[in-house]
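A.B. asks: Dropping the structure in here first, questions after.
The values are calculated or read from the model by the stated rules, or taken from the named source; none is laboratory data. Only a predicted model underlies this, so the values are computations on that prediction, with no experimental measurement involved. Note that each Cβ is placed from the backbone with ideal geometry, even for glycine, and that neighbours are counted across all protein chains shown. Note: accessible area is taken over every heavy atom of the protein model, side chains too, but ligands, DNA and RNA are not part of it. Shrake-Rupley method; radii C 1.70, N 1.55, O 1.52, S 1.80 Å.
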Amino acid sequence: KSAIRARVGRRSADVQRWRAAWRPAGPRCGGSVGRRRRLRATGALWPIYTPRIAIPSKASVSIRPSRLSCNKSRFKTGAYARACWARVSARPTVRSVVASAGHVLDVGSGTGDFTAELQDALPRSRLTGVDISADMVRHAARQYPHVRFVEADLASASEPPLGACSVDLATSFMALHWPGPDRRLVRRLYELLRPGGAWVAGFHGAGSCQEGVDAIDATARSAPFRDYFFGAALGHNKGASAAAAADHVARSQGEDSLLDALPTMFRRDPAALWVDRLGEAGFVDVDVRPLEIRTAYRSTAECYQRLMAAWPPIFSPSHIPADRLPDFVGAAAQAMVDAYDPPSADGVVAVMTSHVLEISARRPDSSP
């Protein structure tokens, strides 16, 4: 324990600056200021395999698993969004819609960085970014005044914020794993699209970031932190079996890990569930392609940076006091390193595996 704290205490100036800049964030789609620092991305990516599997459903569906490896230690949302857009926009079922789209809606636009990139990539289209966070919308509008940004919760709004059948193309990158395949959200996306319109997206799926989930889960159960993480929230006295009580809560909610049982945890739903929900809503030509991206880390400090950038909004401030966050994340980073087996000859000490779903779907040309 003392060794971990000493190592965390020697963290770089960059990490100290990130800690000073961090603010608690809400859990929902699009995020807030704290989630700007989630999933910082990779450099070069290359394909390893792309077999195709046909899956029967209410809609015409295909699921194609593939895998990417990365040779840098961070997963950058912007780099992933660009690569995902290049892949999904080129699919035959949506290519013509992308080329002719007059109005494009970016769902979960966040800071607006990639929404503005899309506007540059589609100069003949009119881009609108929608996000649940008012702070994000204000920030994006200041940074990119040539793009329209709207605050809205698509899953709960009584009426479509832009009017029914008003969008030719809807996009979303690294955002919809927060709400998951909510029926109201999927139906609202369908309603916003004009007949013949298309939706393309990429986000986390089942089992994504499991190494980080396991490390944080183990740290939350450990003696220094379990009372902070679960004891108070469950109404137990200090010294009581908080970990056992948390296990009970997790199992009662059908979750394997304590972290997945938290309402603030991002969803990690399987491709089949998205296929079913899109089919229920009326989408056709549903094409879901799972993608595996492995990010290597070469020091405990790199693991710490990734976990501190991406995870605190999920379990803080309701569980871990701000002054204990560095110790907690440091212990989780060490747990990631300890769990990595076997040690790598090229200096890799830990790996984070992102299981991403890349989806394209269309509203039928003639639909109710």
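A.B. asks: Among residues belonging to the range 280-339 that are under 17 Å from the mean Cα position of the chain (by Cα) and within 30 Å of residue 193 (Cβ to Cβ), point out the one that is surrounded by the fewest Cβ atoms within 10 Å (Cβ to Cβ).
C.D. replies: Looking at the filtered set, the residue picked out is 292.
A.B. asks: Write out, first by first residue and then by second, each pair whose Cβ atoms fall under 7 Å of each other, whose residues are 6+ apart or on separate chains, and whose first residue, in the range 328-340, is outside any helix (DSSP H, G or I) while the second is open to solvent by less than 30 Å² (accessible area, probe 1.4 Å).
C.D. replies: Listed pairs, sorted by first residue: 340/350; 340/351.
A.B. asks: Give me a count of the residues in the range 341-368 that are among the polar types (S, T, N, Q) and assigned to a strand (DSSP E or B). Give the steps one after another, and end with the answer.
C.D. replies: Applying the first criterion (among the polar types (S, T, N, Q)) to the range 341-368 yields 344, 353-354, 360, 366-367.
Filter again for assigned to a strand (DSSP E or B), leaving 353-354, 360.
Matching residues across the range 341-368 total 3.
A.B. asks: Read through the list (1) in contact with a His (Cβ under 9 Å, 6 or more places away or on another chain); (2) open to solvent by less than 40 Å² (accessible area, probe 1.4 Å); (3) modelled with pLDDT of 75 or more; (4) small (Gly, Ala, Ser), then give the number of the only condition that residue 245 fails.
C.D. replies: With respect to (1) in contact with a His (Cβ under 9 Å, 6 or more places away or on another chain); (2) open to solvent by less than 40 Å² (accessible area, probe 1.4 Å); (3) modelled with pLDDT of 75 or more; (4) small (Gly, Ala, Ser), residue 245 is out only on (3).
A.B. asks: Go over the candidates 104, 98 one by one and state the one that is more than 25 Å from residue 309 (Cα to Cα), assigned to a helix (DSSP H, G or I) and of a type in the set (Val, Ile, Thr).
C.D. replies: Details: 104 fails: assigned to a helix (DSSP H, G or I).
Of the residues listed, the single one that is more than 25 Å from residue 309 (Cα to Cα), assigned to a helix (DSSP H, G or I) and of a type in the set (Val, Ile, Thr) is 98.
A.B. asks: Could you tell me whether residue 226 is under 24 Å from residue 86 (Cα atoms) and basic (Lys, Arg)?
C.D. replies: Details: under 24 Å from residue 86 (Cα atoms): no; basic (Lys, Arg): yes.
Here the answer is no, as residue 226 does not meet what is asked.
A.B. asks: Could you list, in sequence order, all residues of the range 269-312 that are within 15 Å of residue 200 (Cα to Cα) and of a type in the set (Phe, Trp, Tyr)?
C.D. replies: 274, 283, listed by residue number.
A.B. asks: Next question. Pull up the range 345-368, narrow it to residues that are under 30 Å from residue 332 (Cα atoms) and among the small types (Gly, Ala, Ser), then point me to the one that is surrounded by the most Cβ atoms within 10 Å (Cβ to Cβ).
C.D. replies: Step one: filter the range 345-368 for residues under 30 Å from residue 332 (Cα atoms), giving 345-358.
If we keep only those that are among the small types (Gly, Ala, Ser) too, we end up with 345, 347, 350, 354.
Values: 345: 6, 347: 10, 350: 26, 354: 24.
Top of the filtered list is 350.
A.B. asks: Do any strands (runs of 3 or more DSSP E) lying entirely in the range 122-218 carry at least 2 residues that are β-branched (Val, Ile, Thr) and open to solvent by less than 20 Å² (accessible area, probe 1.4 Å), and which ones are they? Full working, then the answer.
C.D. replies: Working: elements: 126-131, 148-151, 167-173, 193-204.
Correct list: 126-131, 167-173.
A.B. asks: Right, next: List pairs: first residue in the range 125-145 and farther than 22 Å from residue 166 by Cα, second residue modelled with pLDDT under 95 and open to solvent by 50 Å² or more (accessible area, probe 1.4 Å) anywhere in the structure, Cβ distance under 7 angstrom, at least six positions apart or on different chains.
C.D. replies: Every condition considered, the pairs that remain are 134/151.
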